[in-house]
Amino acid sequence: MARDVTDTTHISSRDELVAWMEAGCKAPEQFRIGAEHEKIPFYTADKSPVPYEGRNGADNGIRALLEGLQARTGWAPIMDGAALIGLFDEQGGGAISLEPGGQFELSGAPLDNVHAVEAEFDQHMADVKAVAAPLGMGFLDIGMSPLWTREQTPIMPKQRYGIMMRYMPKVGSRGLDMMFRTSTVQVNLDFQSEQDMVRKLRVSLALQPVATALFANSPFTDGKPNGMLSMRSEIWRDTDGARTGMLPFAFEPGMGFERFVDYALDVPLYFVKRGDHYHDVAGGNFRDLLAGRLAQLPGERATMADWANHLSTLFPEVRVKRYIEMRGCDVGPRAHISALPALFVGLLYDGAALDEAERLVADWTAEDRQKLRDEAPRLGLAAMIRGRKLRDVAVDTLAIARRGLARRARKDAGGQDETRHLEVLERFAESGRPLAADLIERYQTRWGGSVLPAFEECVF
């Protein structure tokens, strides 16, 4: 989330939270696509991480990168106290933000088609490289930093991250790795109604392990193979069970906005922001904040900003706000940035495709879905679901998405429709080998047992 919400309207009831989410419903002609993608910066000279203020007294850190981009793009600054922590496009709606370890993120504008997502990424990278190159920076396109230890990874000056750092070790063993060393690509999509939200949420949750396996691209940790194809996804299995996972309740009768609100209300708080200050209320209950009896802030009552900010601290495989967020994938090279939107736009934005996708996963149980989620980071497309290889499910899923995109018939300047963005995933599905498998092979052969070549070959 690039910017914390600042709506100070006080909330008087749970019903207002439900109404807030319901207000996200849009007519199909208003559906848009929002892509988010992170990249890991490094100094090209010695393959070291980039701190906020630069190194050796030089003005060559993340702050300088943000300042350079502000001057180049004209985007407005996002501040945390005196620290510049991001930029916001007041006209288009896109934003640049920092993850805890310096991962540099674009939260894209709401766009009409996947071609526009690709063009947005290209423009973003052109801007970033123009500023970064003189600073001696490059950017990895891998889902987890392959070389540096957690202790070697810099910490960005954002108050909320300090709160999370203190809380994460209390609720899981991998939360700090998630914060500081992982990098993802996500897509945000709209829904028409409560029923439409539920259908899209269920299909997206069931098929998220398929996406995890197709996009697996984080096989190295601390300079060597980590035994996983997607270590980033594996890390999420032991981060914080209260706010992660496959949301089995979403498949139960009665699922809707109210049920998701109740789930969110029961997820412990991280912080409450008042003015420029983030109050550490980690472990507190939002219901208590609603009632004005939060122990850490007695008498303080919840605002809509508190609710929106709280939702940004929920990390299930698929998240609902006023839109649906797909959260299961490692970042990858340029083609992956548009491939993820293409996959889920094809599945969810065409009625016939959504019907097909529902039928594909109709007989999967909660146990099936969880087993697949648990196995996908390690086994990738070789994982099994109800006697079928995940590879075969991926082939079927991509075929459904391809038909959905073809029916959308959104053409680029060359007359090609959005199906071209699926081609990289179709190659992975056909071979059964995601990019991570190729990286491991490189490590074992021409890389000579070193991850350093990744800083030359696995870059944007």
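The values are calculated or read from the model by the stated rules, or taken from the named source; none is laboratory data. It should be emphasised that the depicted structure is a prediction, and the values quoted were computed from it without experimental measurement. Glycine also receives a Cβ, built like all others from the backbone with ideal geometry; neighbour counts cover every protein chain displayed.
Tabulated results
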quantity: Members of the range 185-237 found to be closer than 16 Å to residue 39 by Cα, among the small types (Gly, Ala, Ser) and part of a loop (DSSP other than H, G, I, E, B), listed by number; calculated: 216
quantity: Cβ-Cβ under 6 Å pairs, at least 6 apart or on other chains, the range 227-255 side under 30 Å from residue 437 (Cβ atoms), far side among the acidic types (Asp, Glu) and surrounded by 15 or more Cβ atoms within 10 Å (Cβ to Cβ); calculated: 228/234; 230/330; 232/330; 235/177; 246/317
quantity: Those residues of the range 55-70 which are modelled with pLDDT of 95 or more and either touching a strand residue (DSSP E or B) at 6+ places or on another chain (Cβ under 8 Å) or closer than 25 Å to residue 456 by Cβ (or both), in sequence order; calculated: 60, 61, 62, 63, 64, 65, 66, 67, 68, 69, 70
quantity: Only one of 397, 365, 419 that is among the β-branched types (Val, Ile, Thr) and either more than 17 Å from residue 339 (Cβ to Cβ) or free of Cβ contacts under 8 Å to residues at least 12 places away in the same chain (or both); calculated: 365
quantity: Among residues of the range 227-242, those that are buried (at least 20 other Cβ atoms within 10 Å of the Cβ) and not hydroxyl-bearing (Ser, Thr, Tyr), counted; calculated: 8
quantity: Residue among 137, 156 that is under 19 Å from residue 454 (Cα atoms), at pLDDT 95 or above, in contact with a Pro (Cβ under 7 Å, 6 or more places away or on another chain) and surrounded by 18 or more Cβ atoms within 10 Å (Cβ to Cβ); calculated: 137
quantity: Residues satisfying the stated conditions in the range 8-48, i.e. among the acidic types (Asp, Glu), in a helix (DSSP H, G or I) and surrounded by 15 or more Cβ atoms within 10 Å (Cβ to Cβ); calculated: 16, 22
quantity: Selection count where residues are crowded, with 16+ Cβ neighbours inside 10 Å, farther than 25 Å from residue 335 by Cβ and in contact (Cβ under 8 Å) with a residue 24 or more places away in the chain, scope the range 62-76; calculated: 4
quantity: Pick from the range 77-98, criterion under 15 Å from the mean Cα position of the chain (by Cα) and either over 20 Å from residue 334 (Cα atoms) or of a type in the set (A, V, I, L, M, F, W, C) (or both), ranking: surrounded by the fewest Cβ atoms within 10 Å (Cβ to Cβ); calculated: 95
